[in-house]
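Before any comments, here is the structure.
The values are calculated or read from the model by the stated rules, or taken from the named source; none is laboratory data. Note that the coordinates shown come from a computational prediction; the quantities given were computed from them, not determined experimentally. Don't worry about glycine lacking a Cβ; one is built from the backbone with ideal geometry, like all the others, and counts go over all protein chains shown.
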Amino acid sequence: MAIIFMDSFHHYARAQALQKWLGGVTSNFAGIGAPGRRADTQYVYVSFAGGYASLELPDNPYEYVIIGFAMWGRKDTRINFSDQYGNVQLKIYFTSDERVQLYRGSTLIDTSEAQAAPADEWYHMECKFRIHNTLGSYDIRVNEVSVMSDSGIDTQARPEPGIGIFSFSEWTTGTSKIHDLYFLDWSTPPNDDFIGDCRIDCIYPNGAGYYQDFTPLADTNPEMVDEKKLIDNDTTYNESRTVGDIDTYELEPVPAPTGTQIFAIQQCSSIKKTDAGIREFQQLLRVNGTDYKDVTKQLSDTYSVYMKPRDVNPDDDNAWEDADINALQSGIEIIT
């Protein structure tokens, strides 16, 4: 699977950010803001010296990785691509004359022309890396135009391989923002190269699915999980203690403009266990009357957002279309 992770930042608030992010997002100098580069959207931000946000990639590390995002940048913004232990492999630094600089660890390896990354406005950035001591490569693009690239070089600053943690920070005054964030492994098709400026839309449950085995706290099952821009934890929820129980939900239709290319989808489920012992579950998509399940995952005592990206429709192994998403159902099954 090429898609590793994506985030619209639209389905949670600052207080719930650590259900997905590794750290920093709930500090005084970082969080979730609005609107993003489109109306009625949200972004993650860092502000002033010391503000940071960090994310651990699922199933890391990755030797081949592309990171794409919309950026509202400031001078002295830094983006780190670190190994699985948090040691920096590559770093992007934005200068006061709007240049992009790329470092391997603390060693400067390339600098763009001036005004390559405009400050105080939204633009789109994609970074394509291979992390390797001798066969490394990079290609950094702003608004789909390459501002620096090279190959056959050393891009691995640490003895540990690959990239496992992404973070960005602000080192002076002002605020930097990231929106429509995605990561992909470009060694694996179908999404194995730049996909360009794209949007990430969040759609929510809006109706009862085929399975309704869980017990709602109140009202109906879909009403307990349809909150927008917020994960409300124990305020509303569906619950079951029975192995084999499944709850699925119909979803809102794909938002306009419709008919555009869909590169991937990602199922997100905020879940916790409520008693001692090992409890496990599987995320489930129901497509055309067939259930497609993810691997078994173990629950913790606190809420976490579990994610399952899918590059193609599992029902026919073709790219997703609006009609596919409009007809599917999303849910979970209790395994143990």
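Taking the range 196-226 on its own, how many of its residues are among the β-branched types (Val, Ile, Thr), in a loop (DSSP other than H, G, I, E, B) and either surrounded by 15 or more Cβ atoms within 10 Å (Cβ to Cβ) or under 28 Å from the mean Cα position of the chain (by Cα) (or both)?
Residues flagged as among the β-branched types (Val, Ile, Thr), in a loop (DSSP other than H, G, I, E, B) and either surrounded by 15 or more Cβ atoms within 10 Å (Cβ to Cβ) or under 28 Å from the mean Cα position of the chain (by Cα) (or both) within the range 196-226 amount to 3.
Do any residues in the range 298-311 that are farther than 20 Å from Leu57 by Cβ and without any contact (Cβ under 8 Å) to a residue 60 or more places away in the chain have Cβ atoms under 7 Å from those of residues that are of a type in the set (A, V, I, L, M, F, W, C) and outside any loop (DSSP other than H, G, I, E, B), where the two are at least six apart or on different chains, and which pairs are they?
Partner pairs satisfying both residue conditions: Leu299/Ile271; Leu299/Phe281.
Exactly one of (1) over 22 Å from Phe9 (Cα atoms); (2) crowded, with 19+ Cβ neighbours inside 10 Å; (3) in contact with a Phe, Trp or Tyr (Cβ under 9 Å, 6 or more places away or on another chain) is unmet by Asp110. Its number?
(2)
Kindly check whether there is at least one residue in the range 274-281 that is under 20 Å from the mean Cα position of the chain (by Cα), of a type in the set (Lys, Arg), more than 23 Å from Thr41 (Cβ to Cβ) and at pLDDT 95 or above.
No, there is no match, as no residue in the range 274-281 is under 20 Å from the mean Cα position of the chain (by Cα), of a type in the set (Lys, Arg), more than 23 Å from Thr41 (Cβ to Cβ) and at pLDDT 95 or above.
Would you say Asp150 is surrounded by fewer than 17 Cβ atoms within 10 Å (Cβ to Cβ) and in the same structural domain as Tyr45 (by TED's automatic domain parsing)?
On the way: surrounded by fewer than 17 Cβ atoms within 10 Å (Cβ to Cβ): yes; in the same structural domain as Tyr45 (by TED's automatic domain parsing): yes.
So Asp150 fits the description; yes.
If Asp59 satisfies every condition in (1) more than 15 Å from the chain's Cα centre (by Cα); (2) part of a loop (DSSP other than H, G, I, E, B) but one, which is the exception?
Of the numbered conditions (1) more than 15 Å from the chain's Cα centre (by Cα); (2) part of a loop (DSSP other than H, G, I, E, B), the odd one out for Asp59 is (1).
Please list, ordered by first then second residue, the pairs with beta carbon atoms under 7 Å, 6 or more apart or interchain, first in the range 261-280 and hydroxyl-bearing (Ser, Thr, Tyr), second assigned to a loop (DSSP other than H, G, I, E, B).
Hits for this filter: Ser270/Ile231; Ser270/Tyr303.
Just to be sure before I move on: is Ser82 at pLDDT 95 or above and surrounded by fewer than 18 Cβ atoms within 10 Å (Cβ to Cβ) in the structure I sent?
Spelling it out, it is not the case that Ser82 is at pLDDT 95 or above and surrounded by fewer than 18 Cβ atoms within 10 Å (Cβ to Cβ).
One line per residue, one yes/no per condition, for (1) surrounded by fewer than 21 Cβ atoms within 10 Å (Cβ to Cβ); (2) under 14 Å from Ile178 (Cβ atoms); (3) outside the structural domain of Thr173 (by TED's automatic domain parsing):
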{"residue": "Ala15", "(1), (2), (3)": "yes, no, no"}
{"residue": "Lys20", "(1), (2), (3)": "no, yes, no"}
{"residue": "Gly24", "(1), (2), (3)": "no, yes, no"}
{"residue": "Ser27", "(1), (2), (3)": "yes, no, no"}
{"residue": "Ala30", "(1), (2), (3)": "no, yes, no"}
{"residue": "Ala34", "(1), (2), (3)": "yes, yes, no"}
{"residue": "Tyr43", "(1), (2), (3)": "no, yes, no"}
{"residue": "Gly51", "(1), (2), (3)": "no, yes, no"}
{"residue": "Glu56", "(1), (2), (3)": "yes, no, no"}
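Please name all residue pairs, on different chains or six or more residues apart, with Cβ atoms under 8 Å, provided the first residue is in the range 321-336 and is in a loop (DSSP other than H, G, I, E, B) and the second residue is charged (D, E, K, R).
Every condition considered, the pairs that remain are Leu328/Arg286; Ile335/Glu280; Thr336/Arg279; Thr336/Glu280.
Return a yes/no flag: does the range 176-183 have any residue that is in contact with a helix residue (DSSP H, G or I) (Cβ under 9 Å, 6 or more places away or on another chain) and either modelled with pLDDT of 95 or more or buried (at least 18 other Cβ atoms within 10 Å of the Cβ) (or both).
No: zero hits.
Could you list, in sequence order, all residues of the range 232-251 that are within 17 Å of Ser270 (Cβ to Cβ) and assigned to a loop (DSSP other than H, G, I, E, B)?
Asp232, Thr236, Tyr237, Ser240
Here are the criteria: (1) under 21 Å from the mean Cα position of the chain (by Cα); (2) more than 19 Å from Gly207 (Cβ to Cβ); (3) outside any strand (DSSP E or B). Tell me which single one Pro255 does not satisfy.
Just one mismatch for Pro255, condition (2).
What are the residues in the range 237-249 that are of a type outside the set (Ser, Thr, Tyr), touching a residue at least 60 places away in the same chain (Cβ under 8 Å) and crowded, with 18+ Cβ neighbours inside 10 Å, if any?
Asp245, Ile246, Asp247
Residues that are farther than 22 Å from Lys20 by Cα and without any contact (Cβ under 8 Å) to a residue 40 or more places away in the chain, at least 1 per element: which strands (runs of 3 or more DSSP E) completely within the range 63-176 meet that?
Result: 88-94, 100-104, 107-111, 136-142, 145-153.
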